[in-house]
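Each remark here refers to the structure printed beneath this line.
What follows draws every value from the coordinates through simple rules; no lab data is involved. Model, not experiment: these values are computed from the prediction. A quick note on method: Cβ atoms are made from the backbone with ideal geometry, for glycine too, and the neighbour counts reach across all protein chains shown.
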Amino acid sequence: MVIENAGLLDSIQDLGRIGYRGQGMTVSGAMDSHAYQIGNLLLGNHRNTPSLEITLTPPVIRFSKSTIISLAGADFQPMINDKKIPMWSTIPVQRDDVLTFGKQGGIGIGCRSYLSVLGGFQVPKVMGSAATYIRAHIGGIEGRRLRAGDQIPYLDYTGDIQCRRTLNHQYLPNVLENVYPNDPVTLRVIEGPQSESFSEHGLSSFYQEVYQVTKDFDRMGIRLQGRNLEHMNDQSKEIISDAVTYGSIQVTPDGQPVILGADCQTTGGYPKIACVATIDLPRVAQLTFHQKIKFMSITVYEAHRLWKTQEKIYRILGLSRKNISHRQ
């Protein structure tokens with residue numbers, strides 16, 4: 001597969017590097033793991049198969065050999081040879097077919113989409129993962145964002161070219177409503193380990209305020225703008241650095257919250273007022289500039305229940321599974 005024109009930030013991702021945060025290595029991986037996993041499941045791939053994460057401005061891609069692809073996540077209106085193709089469905093492609101997109105990301109569309117191929121992209125693993133972590137220059141293609149001329153190897157498809165799978169229609173509306181909702185987006189959160197660092201007024205403001213995503217957002221974090229959150233005192237504006245994770249919500253000394261992303265550091269020195277529940281991390285991944293968001297408190301029990309329900313959905317999506325042969 002050849003990148004003819006690179007997008008804003010195209011990178012190879014999987015579910016990330018698990019078990020290395022103690023050594024200071026971030027997890028990385030797909031920001032919207034929900035769309036990423038569904039895209040792979042549609043193809044009959046393992047849920048942790050390397051895919052291409054496309055951010056805001058999509059690339060132009062030429063396929064070097066036949067395969068089957070899927071696109072899941074934000075609908076950038078994909079086209080093969082200028083003919084529109086559906087999202088959340090498997091699509092056969094032939095050698096020299098060209099994938100383009102008719103839209104860029106934005107409010108109401110989303111920020112990230114995932115291109116998966118049958119068998120996955122064949123890239124080396126670092127610490128058990130193919131995920132690109134640009135700041136450390138590891139994973140994916142030379143540990144960097146993709147650029148024009150890059151060639152990404154994948155397996156050659158030799159099965160029935162008419163073979164197709166589509167996300168069961170009874171689940172699709174639920175997926176789109178829950179992950180790609182209209183403004184403002186509600187993020188369900190669990191109270192953070194340093195919530196006592198904030199005054200009663202500061203805590204109530206956090207849940208009442210409608211925040212807006214600033215231009216400072218990437219895979220490392222999303223800076224928000226809204227009413228300043230009141231700390232208990234000046235000493236509580238910073239803490240001795242402790243663990244953070246994707247979804248941790250730190251509050252900087254100026255009182256503005258920052259939602260940490262998949263490429264966040266492993267520790268941080270700002271108090272964490274809350275943490276986004278895993279079920280809503282895909283919503284975080286799809287936030288774009290100027291998007292409005294609100295926070296809603298839930299219990300750890302409820303967060304676990306929602307996560308377990310999501311895991312069940314992966315197993316009961318009603319995808320037809322067929323044996324598909326492929327070769328290199």
With a 26 Å threshold on alpha-carbon distance, the violating pairs from LYS125/LYS272; LYS237/LYS294; LYS215/LYS272; LYS292/LYS312 are LYS125/LYS272; LYS292/LYS312
In whole angstrom, how far apart do the alpha carbon centroids of the range 104-159 and the range 11-87 sit? 7
Under a 5 Å amide H to amide H cut-off, with H placed in plane at 1.01 Å, what residues pair with THR57 once short-range neighbours are removed? LEU8, LEU9, GLY105
For the chain, what does the relative contact order come out to in percent, with C-alpha contacts under 8 Å and a separation of six or more? 20
Can you divide the C-alpha Rg of the range 1-108 by 2.2 N^0.38 Å and report the result to two decimal places? 1.11
Most mobile of ASP14, ASP218, ASP82 in a GNM of the chain (Cα contacts under 10 Å): ASP82
Once you keep just the Cα pairs under 8 angstrom separated by 6 or more residues, what percentage relative contact order results for the range 185-297? 41
Computed over all unlike Cα pairs, the Kirkwood hydrodynamic radius of the chain in Å stands at 20.4
Rounded to whole Hz and in sequence order, give me ³J(HN,Hα) for the range 142-157 from the Karplus expression 6.51 cos²θ - 1.76 cosθ + 1.60, θ = phi - 60°, writing x for Gly and Pro. 6, x, 9, 5, 6, 9, 4, x, 5, 10, 10, x, 8, 7, 7, 8
Quote the FRET efficiency, to the nearest 0.05, computed for GLN208 versus LYS83 with a Förster distance R0 of 56 Å and r equal to the Cβ-Cβ distance. 0.70
Classify the range 56-161 as rounded, prolate or oblate, taking a ≥ b ≥ c as the square roots of the eigenvalues of its Cα gyration tensor: rounded when a/c is under 1.5, otherwise prolate if a/b is larger than b/c and oblate if not. oblate
Unit charges at the beta carbon, dipole of the range 185-297: most positive-side option, SER205, ILE190, ALA277: ALA277
Under Karplus coefficients 6.51, -1.76 and 1.60, residue-wise ³J(HN,Hα) of the range 58-69 in Hz, glycine/proline x: x, x, 10, 10, 10, 8, 8, 7, 5, 6, 10, 10
Given springs between every Cα pair under 10 Å in a Gaussian network model of the chain, which of THR299, THR288, THR252 has the largest fluctuation? THR299
I need the Debye-formula profile for the range 185-297: one equal scatterer per C-alpha, no solvent, reported as log10 I(q)/I(0) at q = 0.13, 0.17 1/Å, two decimals. -0.40, -0.72
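Which order, highest average first, do 112-118, 235-241, 271-277 follow once you tally other Cβ atoms within 10 Å for each residue and take the mean per peptide?
Top of the packing list down: 112-118, 271-277, 235-241.
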